[in-house]
Each structure stands twice: as structure tokens, then as C-alpha cells.
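Following: one structure in C-alpha cells, then a few remarks.
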Amino acid sequence: MAVSTTDKWQRLRVRHHHRHPPVANVNQLHAESMTLGQRASDAFASAVGSWTFIIVQSIILAFWITLNAIAWIEHWDPYPFILLNLALSFQAAYAAPIIMMSQNRQALKDRLAAEEDYRINSKAEEELEAVMKHLETQDDLMLSILQRLEEQHREMLSRMQHEGSPPAQS
């Protein structure tokens, strides 16, 4: 007994199932898990790493040096500006570890983003394989239908030739 095309289609039909978790927003997940101290250090690192900070600090340093060099008022930090040097060292001593903590968190966030990218790429590959399998199945079914149509066409031509030819004389 020949298998019908419909039966073959039912047997070969591809049903796609998502076997993966939904895509996660790494930035949102990371932001939700941050403590108050971590948010504060990120804000501090963002402020210290800005042009606004550099310009304001440069203006303050120029003002400090100018006031102490010109001596319009009493020298509270004469040249070589030891108090200024101490203040800048103090600022650097506290800013560096806070900035490094922020950078470590950013590195962790980047690592999480890379893992999520890998997971998404793996999922896309799986989806693409399912689509390709589905297309191959459709190609096989179309070839099967084409073969059946060709057989039917040959049968019809054969019948038409037998019906149209004169009966054999004996």
C-alpha cells in the first residue's frame, strides 16, 4: 500500500518548541542587584571621569596657586604648595580604589553580557537549524508531489494514446 502525501506530511511535519529561557536584559539585572554603596561608587567614578570634574578641578587648582603665588591675602600654602599636594594625594588615595571597584563591576557586567550574547547566539543557531530542517522537509514533500504529478501525467498521456489509436485489425 502506497503512503499518501498527506500521511507523509503529517509524519514529517516539524513542530518547533522553544527549549530556552527568554532573553535577559543584563543591564537591568545588574542594576537591580547593586547595593547603595556600589551605586554610589559608580556615580563617583562617573563624576570623577568627566570633563566637568577636570575643568572644575583645574579652575580650583589655578585659583589656589594664583592666590598663594600673588599673595593678595596671606600665604596659607606658599610655594611648593605642600598643602595642595597633600590634598591632591588624599583625593587620589580615595578616588583610585573607588574607581577600581566601579571598573571591576563593569568588567563583571561585561562578562555577563558576553555570556548572554553566547546564549543568544546558541539559541539563534538552534532556531536556524529548525528552520533549515523544516525547509528540507518541505523540499522533500514538494519533490514527492512533483513525482506523483509526473506519474499521473504519464498515465494520462498513456491513456490518451491508447484511446486515440485505432483498434488493432486481425
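The values are calculated or read from the model by the stated rules, or taken from the named source; none is laboratory data. What you see is a predicted model, and the numbers here were worked out from it, not measured in a lab. Positions of Cβ are backbone-derived with ideal geometry, glycine not excepted, and every protein chain shown enters the neighbour counts. What goes into the accessible areas is simple: the full protein's heavy atoms, side chains included, and nothing from ligands, DNA or RNA. Shrake-Rupley method; radii C 1.70, N 1.55, O 1.52, S 1.80 Å.
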Starting at the first residue of the range 19-27, write each ³J(HN,Hα) from the Karplus equation 6.51 cos²θ - 1.76 cosθ + 1.60 with θ = phi - 60°, in whole Hz, x for Gly and Pro. 10, 9, x, x, 5, 9, 8, 4, 4
Using a simple spin-label model with points 7 Å from Cα along the Cα→Cβ vector, what separation in nm is obtained for ARG39 and ASN25? 1.6
Using a 1.4 angstrom probe on heavy atoms only, work out the carbon and sulfur share of the accessible area of the chain in %. 63
What ³J(HN,Hα) values, in whole Hz, does the Karplus curve 6.51 cos²θ - 1.76 cosθ + 1.60 give for the range 90-99 when θ = phi - 60°, with x put for Gly and Pro? 4, 4, 5, 5, 8, 5, 4, x, 5, 5
If you filter the range 38-137 for GluC sites (Glu not before Pro), then keep DSSP loop positions with at most 12 other Cβ within 10 Å, what is left? GLU74
About the Cα centre, and with charges only on the beta carbon of Lys, Arg (+1) and Asp, Glu (-1), how big is the dipole of the chain? Nearest 20 debye, please. 320
If exposed means chymotrypsin sites (Phe, Trp or Tyr not before Pro) lying in a DSSP loop and surrounded by at most 11 other beta carbons within 10 Å, then the longest stretch of the chain lacking such sites spans residues 77-170
Length added when fully stretched, GLU163-ALA71, from 0.36 nm per residue minus Cα-Cα: 20.7 nm
For the range 84-153, what does the accessible surface come to per residue with a 1.4 Å probe? Please give it in Å². 75
Tell me the mean residue ellipticity at 222 nm calculated for the chain from its helices only (DSSP H runs of n ≥ 4, each -39500 (n - 2.57), averaged over every residue, nearest 500). -27500 deg cm²/dmol
Positive dipole terminus of the chain, leading residue within SER122, SER89, ALA69 (C-beta point charges): SER122
Modelled label-to-label distance, MET142 and TRP64, 7 Å Cα→beta-carbon offset: nm? 7.6
Checking the a/c ratio against 1.5 first, then a/b against b/c, what shape does the Cα gyration tensor give for the range 45-100? oblate
Treat each spin label as a single point 7 Å out from the Cα along the C-beta direction, and report the ALA124 to ARG11 distance in nm. 3.7
Heavy atoms of LEU112 accessible to a 1.4 Å probe, total area in Å² rounded to 10: 70
Once phi is turned into θ = phi - 60°, what whole-Hz ³J(HN,Hα) does the Karplus curve with 6.51, -1.76 and 1.60 give for every residue of the range 142-157, x standing for Gly and Pro? 5, 5, 4, 5, 4, 4, 5, 5, 5, 4, 5, 5, 5, 4, 5, 5
